[in-house]
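Step one of this worksheet: look at the structure below.
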Amino acid sequence: MKERNPQKTLVMKFGGTSVGSVEAMKQAVDIVRQSKRSWPRLVVVTSALSGVTNLLLDSAVRSARGDKDAALPAAEALTARHHELIDSLVTDPARGALLKEEIDLLIADFASRCQAICLLGEATPRALDAVAGMGERMSVRILAAAIDSAGIPAASVDSTSLIVTDDCFQSAHPDIEATTRQTRRVLEPLLNQGQVAVVTGFLGATPSGVITTLGRGGSDYSAALIGAALPAEEVWIWTDVDGVMTADPRLVPGARTIPELSFREISELAYFGAKVLHPKSIRPVIEARIGLRVCNTFNPDHPGTRLLAEHSNQSQHVIKAVTAIRNLQLITVEGRGMLGVPGVAARTFGAVAATGTSVPLISQASSEQSICFAVPVESTEKVISALKNTFAQEIARRDIDSIWATGEVVIVTVVGAGMRNTPGIAGRIFSVLGENNVNVIAIAQGSSEVSISMIIDAADIHRAVQALHALIV
Ligand code: ADP
Ligand code: ASP
Ligand code: MG
């Protein structure tokens, strides 16, 4: 591992809402100003303005369906929002005018890509990544100019020159060695000159330069990768809530900030739906022994959440948080002939994997007569048809009786490292769900015993999350 620079290095990431309006971006610039005082080497990773990635992707999808004017209203809205930021935050008019030209070119590029997609009648994952990435390519230029206008020397950097990935579009995997090399090569000279490097989140590129993205919400991952590559002392994720909370505050109004969490706990939380941190962002910071903090752009004095390498025994809470993943269906493969037949599970998940679907939860009845697992609603049809093909013979022989999907379900997960040493916790969880009339369809417990997950009907999500949250006292 490379020696750390004797001068301290900090990587900060601003999410979409943190740069999504003039007020928010002013606040972000202020945070950069404050942080630069204690951190001479500062990298700022930014998301697209809130809502922009959705707007870009939605236009591309509508173009693919034949709407040749799909990009027009989007282009208008994008121009208005980005120009407003430039007018308010870039003090030098000549620089502002040049920047507007750059933004207009990116928007024109977006519109022509949508036209091409419309003509082809298809939006390939590669085309979608090129379109989705426009949001960060616009925001990074404006944020860098706004920081610079505030008297803090800053330069914008497209992470396509830092993050080297494979061509698994829409969820590309970084090549860590190449990314480390490139990140240092491009960022070190800027940091050594005392400039703030303002870098696009979310984006990478293949070795031949084709734009890729790291997956939705992937800017957190970009910050972690850059932090690990330099390496930085700390990575701070600036978002729109006071850190990682006991539940999504949109689901549970009484949710509270969790001041400290172990990496294992945060991994379970992120994996099981706490959108506040991308699950992939945790591994790079653990491996490089980097401090991670999640904090609120709109309440910067709040300490937020600190991640600890190990579970601290100081917390008095056995259950620390409750999370949920929505928009799932549970698929069951069942049949009396499955009993003891080796390889059924391997063939099942082989068939699922071949459809490109990831499975957040699996549960098998001990009688071995059924396997069930959750998949995103939009994948259900293709997964069932792949399974019916794979098991055509077993179905004909009646060894497998049926392959079917439930209605919409959610996974609700309870997280807390203290659960491992607390007998009876599962009993309390199921009693509270029962008392609240929530039917549990399937259960899975992480082998680390840091989490217990339950599949429940989608209609019960509020009742279940609120009832389980009440167990955190
Ligand atoms: P950003 O754009 O800053 O990356 P995100 O929308 O991706 O922000 O993530 C922040 C959101 O995550 C919060 O506004 C909150 O609604 C949601 N969230 C879900 N679960 C949690 C949780 N346990 N703690 C905090 N926020 C959560
Ligand atoms: N802008 C991207 C998204 O909306 C990445 C991010 O915000 O983290 O998914
Ligand atoms: Mg996010």
222 nm mean residue ellipticity, helices alone, for the chain (DSSP H n ≥ 4; -39,500 (n - 2.57); rounded to 500): -12500 deg cm²/dmol
Stick to Cα atoms and the Kirkwood definition of Rh, then tell me Rg/Rh for segment 154-213. 1.00
About the Cα centre, and with charges only on the beta carbon of Lys, Arg (+1) and Asp, Glu (-1), how big is the dipole of the chain? Nearest 20 debye, please. 740
If you place +1 on the Cβ of every Lys and Arg and -1 on the Cβ of every Asp and Glu, how big does the dipole about the Cα centre of segment 54-102 come out, in debye to the nearest 20? 180
Most exposed first by the Cβ proxy, i.e. fewest other Cβ within 10 Å, how do Ile461, Ile117 rank? Ile461, Ile117
Ranking Thr348, Thr165, Ala459 by how far each Cα lies towards the positive end of the charge dipole of the chain (+1 on Lys and Arg Cβ, -1 on Asp and Glu Cβ), the top one is Thr165
Karplus ³J(HN,Hα) for segment 183-192 (6.51 cos²θ - 1.76 cosθ + 1.60, θ = phi - 60°; Hz, whole; x = Gly/Pro) runs 4, 5, 4, 7, 7, 3, x, 5, 5, 5
So the pair-distance distribution of the chain, from every Cα-Cα distance in 10 Å bins, comes to percents of 4, 18, 26, 26, 17, 7, 1, 0
Cβ-defined net charge surrounding Ile472, 11 Å radius [Lys, Arg +1; Asp, Glu -1]: +2
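Counting Lys and Arg as +1 and Asp and Glu as -1, what is the net charge of the other residues whose Cβ lies under 13 Å from the Cβ of Val61?
With Lys, Arg at +1 and Asp, Glu at -1, the neighbours total -1.
Using the crude model of +1 on Lys and Arg Cβ and -1 on Asp and Glu Cβ, and no other charge, please compute the dipole size for segment 37-143 relative to its Cα centre, in debye to 20. Mind showing how you got there, number by number?
Working: 12 positive and 14 negative charges, 74 e Å.
It works out to roughly 360 debye.
Any read-out appearing in this document is the output of simple, stated calculations on the displayed coordinates, not a laboratory observation. Model, not experiment: these values are computed from the prediction. Using ideal geometry, Cβ is built from the backbone for each residue, glycine included, and neighbour counts are taken over all protein chains shown.
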